[in-house]
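Comments concern the structure below.
Readers should treat all values here as calculations from the given coordinates under stated rules, not as data from a laboratory. Model, not experiment: these values are computed from the prediction. Every residue, glycine as well, gets a Cβ built from its backbone with ideal geometry; the counts of neighbours run over all protein chains shown.
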Number of protein chains: 2
Amino acid sequence: MPTAFERHDHSACSHAALVRADELAAARGLRLTPVRRRVLEILLERHRALGAYEVLERLSAEGLGKQPPVAYRALDFLVENGLAHRVQRLNAFAACQSDHSDGHAPAFLICRVCQNVEEMDAATLRSALGSQADALGFEVERLTIEALGRCAGCAAEE
Amino acid sequence: MPTAFERHDHSACSHAALVRADELAAARGLRLTPVRRRVLEILLERHRALGAYEVLERLSAEGLGKQPPVAYRALDFLVENGLAHRVQRLNAFAACQSDHSDGHAPAFLICRVCQNVEEMDAATLRSALGSQADALGFEVERLTIEALGRCAGCAAEE
DNA sequence: AATGGGAATGTTACATCATAACATGCCGAC
DNA sequence: GTCGGCATGTTATGATGTAACATTCCCATT
């Protein structure tokens with residue numbers, strides 16, 4: 001799979017993610033309603049993270065809802081079900097682009113130039129941090145790992 | 001040094017951090033003005049992270065400023081100079097409690113019960129993530145690692 | 001087909017977090 | 001003593017996020 005930073009056939013990413021979403025919904029009996037599905041599609045259009053209000057603008061333009069809770073509820077649904085992630089550093093949301101079947105614990109690479117966000121597997125990091133925390137008696141429930149920097153393409157251009 | 005989660009003589013933490021701050025200011029010619037120093041003291045009172053507006057309330061009560069920019073400016077100053085950290089997950093700020101002399105890259109352990117925040121060394125994690133990112137051509141500039149969970153003390157009580 | 005219950009959505013109103021922009025004051029270098 | 005740079009004061013607004021309650025939709029049961 002190409003990274004978010006490379007030129008690639010993005011419709012393939014997007015399509016694959018939607019298929020996974022439909023499968024997940026079927027498997028777990030989730031209701032992937034029109035608003036929720038549309039929000040996922042919007043997030044999938046690019047590898048950028050979108051703010052809730054950016055998503056809302058899009059929804060609003062399409063007559064799917066005008067108030068913040070509409071966007072936040074759909075986004076929360078997607079995040080809870082692993083179909084999207086919240087990027088803390090940006091107060092924004094990105095579609096999940098990994099093809100995990102189980103729960104996964106990604107680290108995010110955020111390019112400060114092109115703003116694309118890449119998901120990287122962080123299983124190793126997670127377990128390393130977990131044991132370090134263990135030693136202090138701390139039980140990790142949720143882990144956020146976000147790197148801000150510059151991707152190869154943007155570095156080449158500068 | 002005790003962790004943030006243990007009972008300890010906190011005045012020692014606080015005092016040590018202030019001494020380090022004064023030394024740093026002297027060494028780098030920084031201006032640790034009354035507002036800035038007071039904000040640092042306020043953050044140092046506990047191991048909790050404080051929101052900018054919580055800090056502002058305190059400042060305001062002491063006649064040191066009533067408007068948000070006062071708090072944000074002081075906090076930004078402290079963060080830029082490594083005397084405090086921003087905790088993304090909480091939109092809040094915590095005094096730096098490590099005795100680093102150089103720049104350091106901490107990971108944060110945030111107890112969702114008592115809300116204390118502990119700084120853990122993340123040099124190893126950072127370099128592991130760095131090489132994983134390198135392989136993708138990504139150059140990491142800033143890294144955020146935050147674990148939300150439960151500390152030993154709070155786990156024992158529940 | 002009626003109906004009742006749970007989930008999703010619509011809507012209002014507000015809470016919380018953050019910054020732009022410009023005015024004023026402080027202080028040391030010259 | 002005045003000029004320049006930094007810190008602070010102040011106004012106003014922008015950006016992000018949520019509580020609370022009304023309404024609608026859908027489907028399982030009757």
**Prompt:** Residue farthest toward the positive end of the dipole of chain B, with Cβ of Lys/Arg at +1 and Asp/Glu at -1: which of B:L136, B:Q88, B:Q67?
**Reply:** B:Q67
**For chain B, the longest site-free run once trypsin sites (Lys or Arg not before Pro) in DSSP loop states with at most 15 other Cβ atoms within 10 Å are removed** = B:113-158
**Message:** Considering only C-alpha atoms, what is the centroid distance from segment A:1-51 to segment B:15-38, in Å?
**Reply:** 49 Å
**Prompt:** How large, in Å, is the protein assembly as shown by the Kirkwood hydrodynamic radius built from its alpha-carbon pairs?
**Reply:** 21.4 Å
**Message:** Taking a ≥ b ≥ c as the square roots of the Cα gyration tensor eigenvalues, with a/c under 1.5 meaning rounded and otherwise prolate when a/b beats b/c, else oblate, which class fits segment B:1-99?
**Reply:** oblate
**Request:** Provide the gained length on full extension for the span A:A155 to A:D76, in nm with one decimal, where the gain is 0.36 nm per separating residue minus the Cα-Cα distance.
**Result:** 25.1 nm
**Prompt:** Where the only charges are on Cβ atoms (+1 Lys, Arg; -1 Asp, Glu), what is the dipole of segment A:46-108 about its Cα centre, to the nearest 20 debye?
**Reply:** 240 debye
**Of all chain B residues, the one whose C-beta is nearest the axis that brings B onto A, in angstrom** = B:Q88, 2
**Asked** Between B:Y53 and B:K66, what length comes free when the chain is fully extended (0.36 nm per residue of separation minus the Cα-Cα distance, one decimal in nm)?
**Response** 3.7 nm
**Message:** Need one number: % antiparallel among DSSP beta bridges in segment B:10-157, to the nearest 5.
**Reply:** 75 percent
**Request:** Over segment A:10-157, calculate the relative contact order: mean separation of alpha carbon pairs under 8 Å at least 6 apart, over the residue count, as a percent.
**Result:** 20 percent
**Prompt:** Between B:D99 and B:R112, what length comes free when the chain is fully extended (0.36 nm per residue of separation minus the Cα-Cα distance, one decimal in nm)?
**Reply:** 2.2 nm
**Request:** Report the charge-dipole magnitude of the protein assembly as shown in Debye, nearest 20, computed about the Cα centre from +1 at each Lys and Arg Cβ and -1 at each Asp and Glu Cβ.
**Result:** 980 debye
**Request:** Determine ³J(HN,Hα), in whole Hz, for all residues of segment B:145-153 in sequence, where each value follows from phi through the Karplus function 6.51 cos²θ - 1.76 cosθ + 1.60 and θ = phi - 60°; x replaces Gly and Pro.
**Result:** 10, 9, 10, 9, x, 9, 7, 4, x
**Prompt:** Dipole magnitude of segment A:26-158 about its Cα centre, charges +1 at Lys/Arg Cβ and -1 at Asp/Glu Cβ only, in debye to the nearest 20?
**Reply:** 500 debye
